[in-house]
Every structure is written in structure tokens, then in C-alpha cells.
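These notes are about the structure you will find just below.
Only the coordinates and a few stated rules stand behind these numbers; no lab work does. Owing to the predicted nature of the structure, the values given are computational and were not obtained by experimental measurement. Neighbour counts are summed over all protein chains in view; Cβ atoms, including those assigned to glycine, are modelled from backbone coordinates with ideal geometry.
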Amino acid sequence: MGRLISIDFKAVTPETATISVMDRSFLYGDSVYEVVRTYRGTVPFLLDQHYQRLLRSAERIRLKIPFSLEKLEKHIVESLKQVKNDDSYVRIVVSRGADNRFDLAPGPHLQPTTVILIDRIHQIPKSYFEEGVAVALVSVRRNLRTALDPNIKSGNYMNNVLALMEAREQNALDAVMLNAQGFVTEATTSNVFAVWGGKVRTPRAEAGILEGISRALLKEVMTKNRIPFEEIDISQDQFCSAEEIFLTGTVKELMPVAQVDREKVGKECPGPITRKLMQLYRDEINRRIEAASR
């Protein structure tokens, strides 16, 4: 089957899946969302952590999530059994709902709309992991935390869209955005890490990032394996002169970066620390999957 869509926990076909043109997610990007993936068919990986982040994002925009983790997990697992994919991409979107008027201020009696989209995970080319990818430092700056905090995973994604469009014009796979102070924040759908002097560095949350679930898991892996790392402000010069750079994300896991602004990163890609972390991260995923299946 491959693809399944549900609206308010009722399955619909892609051809009949509709929401109102008055829905605030369509009109204003007034929604929050999460993306989870599966391993070995029907295991939504780290769903509990994604759900908790969904709650945090919703609280920040004064939206109440209308379902429990238990209801969400049951529905996703049942849906995954229907699609029968080897591995699936699962996107969970909660909109503030449809209003009956054009007004920035939401009405008092809106009912949230929940949309869940399940599809096959599209295979990432092996060369991306074996040889690394190119990124570009773009002119689009990351949203100010005091404007629209990047740590809110909302449906308002124009900042990232514009950044990615600029990067693609430079033949880069992804964009890396700086904040208003000129420090590195993140890529458009990934957290970034850089290595120099044998230590792993990543931008601190205060720089203006979405604190990724994969980022948090990697931090656990590094702590467990006594790999030194720190969260700091990273200047553009420090980033461009790093010995190794890699991205983290739910679907991409750990992806090495070979070029920044068409300039080679380090002596080899992936570098030795990145290679080690890629293996340790995969080992941790397998360990958790095995533990969950017992």
C-alpha cells in the first residue's frame, strides 16, 4: 500500500484527504508537527520523546494537543500494519483548527485538527554517507528566539524554505543558517556538529535551534562512550575551519559534510570521529529496537 493518511484518527485515501480552506494551518501556518520514523516495519522510534516535544511546542503557541501518547501510538502501529512498508516516514500535524472568519486572533471555540501522514522512507543515496554532502552558509538568518523561537516545531517554515532555496541555487544539498549575532545555528531540517581539536562541538540551544531528538540521542551516545563534546557558540570562521562536520536528523541519522561553500572540510570525509559516531549511533538504535521488541 505504501501511503496512508488519517484525519482526526480516521483513515482516508490520498485522493479524498481534505481539510478546510479556512483551517489556520493553511491560512497562517498555525500548527505544530513532529516526524518519526520506523525501523523494522512497525516500531515508531522514540515516539514518546517526539510526543513530549509536540506537547512543548503546542504549549508555547497556546494549543492543546487533543490526544494521549497511548492513543497516538496505537493508531500509528495499526496504520503501519496496513501499509506494510519495510520502514516508514510518519508525520504528525496538529492544527489549531478551522475558523469561520478571517482573523489573526483565533476564535474561542476552535477544535484542533490532527493529520497523520505515513509513507515509505525514500532511500538516501549511499554516497551521501560514504563521501559526504555539500552545504552552504546562506544569507537568510535564523529566526530570533524572541520573534518565533526555532525551538517551537511549528508549521511556519518559510525561514527554512528560503534558506534551502538559496542553498540549492549554489548546488548545495542543505543550508546552514547563522543567527543575528553571526553564530551558527542549524541546517534547515537538521542539527549541525563540528569537530576540531579532537572535540565535538554543537551550537547551544540559546543560539536559536530546534533541539532535535537525534541530537539528544547522540549526546547520550557520546556521554556513554566518553567522547568529549560541548555546546557552545560557533563562529562562521570556526565552522568553516572545522576538521569534521556532520548533520543529525530523524531520517538521515548522522550525515557527514564534505564541503562548506564549495570548500573541502578537513582531510577526509567522513572523518575518524564522524565514522566512529555513525557506528555508535547505529549500535544504539539497534540496542533500543531490540530492547523494545522483547
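Highest mean first, the peptides 202-215, 39-52, 226-239 sorted by other C-beta atoms within 10 Å per residue fall in the order 202-215, 39-52, 226-239. Could you list log10 I(q)/I(0) for the chain at q = 0.15 Å⁻¹, which the Debye formula gives when each Cα is one point scatterer? These q points yield log10 I(q)/I(0) values of -1.25.
Phi angles across the stretch 129-145 convert, under the Karplus curve 6.51 cos²θ - 1.76 cosθ + 1.60 with θ = phi - 60°, into 3J(HN,Hα) values of 8, 7, 10, x, 10, 9, 10, 10, 7, 9, 7, 5, 8, 5, 3, 5, 4 Hz, Gly and Pro given as x. Here is the link list: 84/252; 64/199; 71/276; 153/224; 126/224. Which ones come out longer than 30 Å on Cα distance? Listed pairs above 30 Å: 64/199; 71/276.
Amide H to amide H distances under 5 Å link residue 257 with 133, 245, 246, 247, where only residues 5 or more positions off or on other chains count and H is placed in the peptide plane.
Counting Lys and Arg as +1 and Asp and Glu as -1 over every other residue whose Cβ lies under 13 Å from the Cβ of residue 128, the net charge comes to -2.
If you take all other residues with their beta carbon under 10 Å from the beta carbon of residue 150, and give Lys and Arg +1 and Asp and Glu -1, the sum is 0. Listed by chain and number, the aspartates and glutamates whose C-alpha is less than 13 Å from the C-alpha of residue 264, apart from same-chain residues fewer than 8 away, are 131, 243, 244. For the chain, DSSP calls about 80 percent of its internal beta bridges antiparallel. Summary of packing: across the peptides 62-70, 129-137, 163-171, the per-residue average of other C-beta atoms within 10 Å ranks them, highest first, as 129-137, 163-171, 62-70.
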